[in-house]
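Just so you know, all these numbers are worked out from the coordinates, no wet-lab data involved. This structure is a prediction, so every number in the text was calculated from the model and none was measured. Cβ sites come from the backbone with ideal geometry, for glycine too, and all protein chains shown count toward neighbours.
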Amino acid sequence: MVFAVKRLDVSNPDSRFQSRSVEYFDRQPTHLELFHDESRSIVSKNDSPDLDFRYSVNPYRGCMHGCAYCYARPSHESLDFGAGTDFERKIVLKRNAAHLLRRFFQAPSWRGEPIVFSGNTDCYQPIEATEKLTLDCLRVCEEYRNPVFIITKSSLIERDIKLLGSLAQLTGLGVAISIPFWDARMARAIEPYAPTPQRRIATIERLRSAGIHVTVAVAPVIPGLADDQLVDILRAAAGAGAQRAFTTYLRLPRAVREVFFQCLQEYAPDRVAKVKARVREAQGPSGSHPRFGVRMEGQGPYAQAVRSLFQNTARELGLETAGNKFWRGFRRPEPLPTQLQLFGR
């Protein structure tokens, strides 16, 4: 099996909510387009029993990493965009995210639960290097001492190590680094604009050196493609100092199926039938089982075998698989004296 390292454009399935569509006769446009989000809130609440958090912040919609398997792709359809190249190149910015988060923390009903960055798209995707929306939001969390948990596959997080260390001391902070592949060429094919797996391991090591609690997320496990790399990922992460691990099983809701299997057909055509069969067995014909408790783990003997391998390996390496329990410290800052408020300080 040979994996190419150059990523061609994937297709862009029509949005379910799209009233007009454009058909391109050559290649899809690849230039980056930025859009401003006018939302009046920044914190999302979920009630899914599959997740161990309730509140999340997504400074961006769409993701430049371009991971073919990304479950968040269909969320772009509600913006009248597609789930393929639109998701990767039409990025929506919430430039008032920090202001909205500060206003949310000021509400008397807020008691300081952990905020996850991000439940949908990567908060440290490449555009964060210039926009700094995640950085601004984390500064607000530091100001209010609100606990934070970050999920990313980007080494850009190292830019904020000093701030993250401060949060860890003040209130509690955890970071999960997502590594679904160990084979760098395979990762480049499926996650074309994300750092290599080995670079992400270096990020784990640097975060741990700063005293930050780090989790490795082997997510998603792609059956028939990268499940045989699971042990190597866990060993490397444990060697770099990771303290915890979790995993999820590949699910392909709606348009994600088309994007993912087109990508796989291009780079590993000999694996397509096998991966399709494994996904169908674990997630049903839709590619994403509708029942809570199943869709994140999969069902059937193969999914169970993968889960057992993960749990046994994590246990042998001393990696915890339970949730984080180190949150503390929320408090609203004292109001500024009236004279300083007049000067906007």
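Amide hydrogen proximity for residue 115: with H placed 1.01 Å from N in the peptide plane, the residues at 5 or more positions away or on another chain lying under 5 Å are 148, 149. When the pairs 45/153; 90/276; 132/276; 45/132 are compared against a 32 Å limit on Cα-Cα distance, 132/276 fall above it. How far apart, in nm, are two points set 7 Å out from the Cα along the Cα-to-Cβ line at residue 311 and at residue 235? About 2.3 nm separates the two model spin labels. Label-to-label distance for residue 281 and residue 130 is 4.7 nm, based on points extended 7 Å past Cα in the beta-carbon direction. Taken about its Cα centre, segment 173-317 carries a charge dipole of roughly 280 debye when the Cβ of each Lys and Arg holds +1 and the Cβ of each Asp and Glu holds -1. Per-peptide packing, taken as the mean over residues of other Cβ atoms within 10 Å, places 193-202, 112-121 in the sequence 112-121, 193-202 from highest down. Inter-part distance, segment 90-122 to segment 252-321, computed on C-alpha centroids, equals 31 Å. The stretch between residue 44 and residue 273, if pulled fully straight at 0.36 nm per residue, gains 78.7 nm over its current Cα-Cα span. If the segment from residue 334 to residue 54 were pulled out straight at 0.36 nm per residue, it would be longer than the present Cα-Cα gap by 98.1 nm. Fewest-first ordering of 75, 209 by other beta carbons within 10 Å of each residue's beta carbon gives 209, 75. Each Lys and Arg contributes +1 and each Asp and Glu -1, all at the Cβ; summed about the Cα centre of segment 33-323, the dipole is approximately 260 debye.
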